[in-house]
Amino acid sequence: MPNTLPPTNTPQAFKEKLKIGAKKSLVDFGIHAGVSDLSYIKELVALRPASFKIFMDLVDDDFLMEAFSKINSVAPDHVISLHAEDSKLVQQYTEMMKKEGNDPELYSLARPPQAEIEAVESAISLAGKYNQKVHFCHVSTKKSLQLIHNARTAGCPVTSEITPHHLFLDSNYLNLFGNLAKTNPPLRDKENQLGIQYLPEIDVMGTDHAPHTLEEKEKNVWDAPPGVPGLETILPLLLTQVNRGQLNLKDIKRLLCENPAKIFNIPNKGFISEGMNADLVVVDLKKEGVIDPDNFHSKARYSPFEGFNVKGMPVITMVRGNLVMEYDNIFKNNGQFVY
């Protein structure tokens with residue numbers, strides 16, 4: 001994702017990130033391009049981004065329409081990925097909640113469901129106007145998903161994504177974990193939260209992995225960065241649901257492999273068939289454990305899922321037939337840019 005320092009919103013920054021990925025990544029990777037200076041769009045298209053990512057909470061309606069128009073004129077087949085929260089409502093409610101104090105639970109009130117719902121409505125309108133493929137990242141409310149479902153039924157080219165933390169955690173976790181559970185959009189109350197029964201309507205499950213440092217997270221709620229690490233918890237959490245009879249392995253394959261490859265046009269990946277890359281994950285459905293951030297390989301060693309009992313874990317990872325992980329042992333590998 002492009003919200004790094006520096007942000008990946010210029011051709012130069014994109015090329016620099018490509019170099020870093022080629023040097024450091026153990027797995028194959030794609031890069032999403034940020035959208036700020038629209039004069040860079042044509043050059044960025046030539047670098048083959050996975051999508052153009054727009055954070056609607058940081059831009060106004062005029063910029064959003066201009067961005068859709070520009071991307072559609074230069075690259076109509078590209079996906080626009082959206083963080084869907086209305087900037088005016090977020091600003092208005094955040095200012096109100098800041099006056100109430102610094103309790104982490106105020107954060108979910110500072111970015112209310114209506115901010116997401118209105119942003120989704122606005123984006124669906126633009127997707128329909130330009131016949132532009134739009135992917136809604138980390139959808140967090142029932143109403144938003146209903147709007148996306150209705151739009152797609154009517155022929156609008158939109159897809160949806162959910163994260164494990166929005167699926168399995170509610171806003172009460174802000175009381176339990178404080179800023180470690182702070183994310184955008186925030187965790188929702190049970191009335192608005194999407195449950196596992198909604199997964200058949202959702203296209204993708206994404207980690208939304210945001211590896212901030214503990215030092216950053218220990219700031220007050222209004223200054224601490226949003227986001228949680230999700231890379232190492234997503235599969236054990238889903239395999240646990242398989243063991244409980246709430247999901248099956250075909251659901252996981254659809255959400256984590258097939259649909260992402262289709263939506264983001266990832267060549268030779270997402271399926272086990274002749275001619276595809278041998279990207280394989282072997283899982284042990286009987287292996288049990290407890291989520292312990294001290295055992296993470298990520299630099300962000302915290303999680304609002306800390307202490308969760310899980311059953312079912314990945315034990316081997318292969319990338320293009322190369323062994324990358326085996327029983328928690330990590331091996332060197334040269335990840336490649338997927339495009």
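The values are calculated or read from the model by the stated rules, or taken from the named source; none is laboratory data. Values in this document were obtained by computation on a predicted structure and should not be read as measured data. Heads up, the Cβs are rebuilt from the backbone with ideal geometry, glycines too, and the neighbour counts pull from every protein chain shown. Calculation scope for accessible area: heavy atoms of the full protein, side chains included, ligands and nucleic acids excluded. Shrake-Rupley method; radii C 1.70, N 1.55, O 1.52, S 1.80 Å.
Give, rounded to the nearest 20 debye, the magnitude of the charge dipole that the chain has about its Cα centre when Lys and Arg contribute +1 at Cβ and Asp and Glu contribute -1 at Cβ. Spell out each step's value before the answer.
Details: 36 positive and 42 negative charges, 199 e Å.
Dipole size: approximately 960 debye.
Could you run the Karplus curve 6.51 cos²θ - 1.76 cosθ + 1.60 with θ = phi - 60° over the range 8-14 and give me ³J(HN,Hα) per residue in whole Hz, x for Gly and Pro?
Residue by residue, the range 8-14 yields 8, 10, 10, x, 4, 5, 5 Hz.
Each label point is 7 Å from the Cα along the Cα-to-Cβ direction; what then is the distance between the points at residue 150 and residue 5, in nm?
4.2
Which residues' amide hydrogens lie under 5 Å from the amide hydrogen of residue 159, considering only partners 5 or more residues apart or on another chain, with H built in the peptide plane?
Long-range HN contacts for residue 159: 134, 135, 136.
Could you work out how far the C-alpha centroid of the range 13-45 sits from that of the range 62-123, in angstrom?
Cα centroid of the range 13-45 versus Cα centroid of the range 62-123: 23 Å apart.
If R0 is 45 Å, what FRET efficiency do you get for residue 22 and residue 222 from their C-beta distance, rounded to 0.05? Walk me through the intermediate numbers first.
Numbers: r = 37 Å, r/R0 = 0.83.
So, using R0 = 45 Å, E works out to roughly 0.75.
Excluding ligands, DNA and RNA, what is the solvent-accessible area per residue of the range 1-98 at a probe of 1.4 Å, expressed in Å²? Intermediate results must be reported in sequence, preceding the final value.
Values: 5030 Å² over 98 residues.
Ligands and nucleic acids excluded, the figure is 51 Å² per residue.
Would you calculate the separation in nanometres between label points at residue 191 and residue 88, each defined as 7 Å from the Cα along the Cα-to-beta-carbon direction?
My value for the distance between the label points is 2.4 nm.
Once Lys and Arg get +1 and Asp and Glu get -1 on their Cβ, which of 160, 47, 276 lies farthest toward the positive end of the dipole of the chain?
276
Once fully extended, how much extra length lies between residue 243 and residue 215, figured as 0.36 nm per residue of separation less the alpha-carbon to alpha-carbon distance? Mind showing how you got there, number by number?
Details: separation 28, 0.36 × 28 = 10.08 nm, distance 3.62 nm.
The residue 243-residue 215 span can extend by a further 6.5 nm.
By accessible area of protein heavy atoms, probe 1.4 Å, what ranking do 19, 250, 142 get, highest first?
Numbers: 19 130, 250 150, 142 70 Å².
Descending accessible area places them as 250, 19, 142.
In sequence order, what are the phi-derived ³J(HN,Hα) couplings for the range 207-215 according to the Karplus relation 6.51 cos²θ - 1.76 cosθ + 1.60 with θ = phi - 60°, rounded to whole Hz, with x for glycine and proline?
3J(HN,Hα) across the range 207-215, in whole Hz: 6, 6, 4, 10, x, 6, 7, 4, 4.
Could you work out the relative contact order of the chain, using alpha carbon pairs under 8 angstrom and six or more residues apart, expressed as a whole percent? Kindly include the intermediate steps, with their values, before the conclusion.
Values: 642 pairs, mean separation 54.4, N = 339.
The value is 16 percent.
Just to check I understand the Karplus step: with θ = phi - 60° and J = 6.51 cos²θ - 1.76 cosθ + 1.60, what whole-Hz values come out for the range 15-24, glycine and proline as x?
5, 5, 5, 4, 5, 4, x, 5, 7, 10
Length gain on complete extension for the stretch residue 176 to residue 69, per 0.36 nm per residue less the alpha carbon to alpha carbon distance?
Working: separation 107, 0.36 × 107 = 38.52 nm, distance 4.36 nm.
Contour length minus the Cα-Cα distance gives 34.2 nm.
Just want to confirm a number: the relative contact order over the range 4-146, from Cα pairs under 8 angstrom separated by 6+ residues, in percent. Working shown, then result.
Numbers: 190 pairs, mean separation 29.5, N = 143.
Dividing the mean separation by the residue count of the range 4-146 yields 21 percent.
Whenever you get a sec, compute what percent of the accessible area on the chain sits on carbon and sulfur atoms (1.4 Å probe).
Values: 8470 of 16590 Å².
Here carbon and sulfur together make up 51 percent of the probe-accessible area.
Starting from the Cα gyration tensor of the chain, take the square roots of the eigenvalues, sort them a ≥ b ≥ c, and report rounded, prolate or oblate (rounded when a/c is under 1.5, otherwise prolate if a/b is larger than b/c, else oblate).
Cα axes put the chain in the rounded bin.
So which residue, out of 117, 41, 20, gets the largest mean-square fluctuation from a GNM of the chain using Cα contacts under 10 Å as springs?
20
Name the residues whose placed amide hydrogens come within less than 5 Å of the amide hydrogen of residue 53, ignoring near sequence neighbours (fewer than 5 apart) on the same chain.
Close amide H contacts, sequence-distant or interchain: 33, 34, 35, 81.
Any chance you could list P(r) for the range 245-296, counting all Cα-Cα pairs in 5 angstrom bins from zero, rounded to whole %?
Calculated over all Cα pairs of the range 245-296, the distribution is 4, 15, 19, 21, 15, 14, 10, 2 percent.
Along Cα→Cβ, 7 Å out, is where each label goes; now give me the distance between the ones at residue 297 and residue 201 in nm to one decimal.
3.6
Amide H of residue 283: which non-local residues (sequence gap of 5 or more, or other chain) have their own amide H closer than 5 Å, using H built in the peptide plane?
315
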